[in-house]
Amino acid sequence: IYPLLILVMTGHLFFTLQEPSHHLSGGTLKEFLGDTISIDVIQRLGLTPFLSMDILAAPPWLCQAAVFAAALSSDCTVLALDEPFDGTAFDIFGPAALDLVAQACGNGRSIVIVTHHDAVASAAHRLIEIADQRVCKVTDR
């Protein structure tokens, strides 16, 4: 069973948590995303060909892209994403995702991304490096 990002929305804050896929009841990717997901976000992330795929049979990168689309399509003013991209996911949809993040931030949203991925970190306006449970460096760009 691959880890899967599950949505938790509270008020104006949107979190993603890594949970096993057995918490899902199945259905297609389109059903999982629902009607509130922006068609533009779905298209820009390249998800359109996969909308009829069974969510339980979807590869982890596709599940990550779906949750990312849901997060960006929400009306939350703050998004907190914990490791939203693994290596494969970033290779497949990362550049488009970072463009969408930049657009969302330009529209007044705040996005916090926890990552070990250098390309994701390099796109940040503010980089906060943590080592041994302590902030060791803050870089504003």
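Can you find, within the range 29-55, the residue that is least open to solvent (accessible area, probe 1.4 Å) among those that are part of a helix (DSSP H, G or I) and farther than 18 Å from Ala89 by Cβ? If we take residues in the range 29-55 being part of a helix (DSSP H, G or I) and farther than 18 Å from Ala89 by Cβ, then Asp40 is least open to solvent (accessible area, probe 1.4 Å). The C-beta contact set for the range 114-132 (first residue open to solvent by less than 90 Å² (accessible area, probe 1.4 Å), second residue among the acidic types (Asp, Glu), distance under 9 angstrom, 6+ apart or interchain) comprises Val114/Asp82; Val114/Glu83; Thr115/Asp82; Thr115/Glu83; His117/Glu83; His117/Asp86; Ala121/Glu129; Leu127/Asp140. Kindly indicate whether Asp82 is more than 14 Å from the chain's Cα centre (by Cα) and either open to solvent by 30 Å² or more (accessible area, probe 1.4 Å) or within 21 Å of Phe32 (Cβ to Cβ) (or both). The answer is no for Asp82. Evaluation of Gly108 against the conditions (1) part of a strand (DSSP E or B); (2) on the phi > 0 side of the Ramachandran plot shows that the sole unmet condition is (1). Quick check on Phe93: is it modelled with pLDDT under 85, open to solvent by less than 50 Å² (accessible area, probe 1.4 Å) and outside any strand (DSSP E or B)? So Phe93 does not fit the description; no. Condition test on Cys76, is it open to solvent by 30 Å² or more (accessible area, probe 1.4 Å) and of a type outside the set (Val, Ile, Thr)? When the stated conditions are applied, Cys76 does not pass them.
The values are calculated or read from the model by the stated rules, or taken from the named source; none is laboratory data. This structure is a prediction, so every number in the text was calculated from the model and none was measured. Ideal geometry is used to build each Cβ from the backbone, glycine not excepted, and the neighbour counts take in all protein chains shown. Note: areas computed on protein heavy atoms with side chains; ligands, DNA, RNA excluded. Shrake-Rupley method; radii C 1.70, N 1.55, O 1.52, S 1.80 Å.
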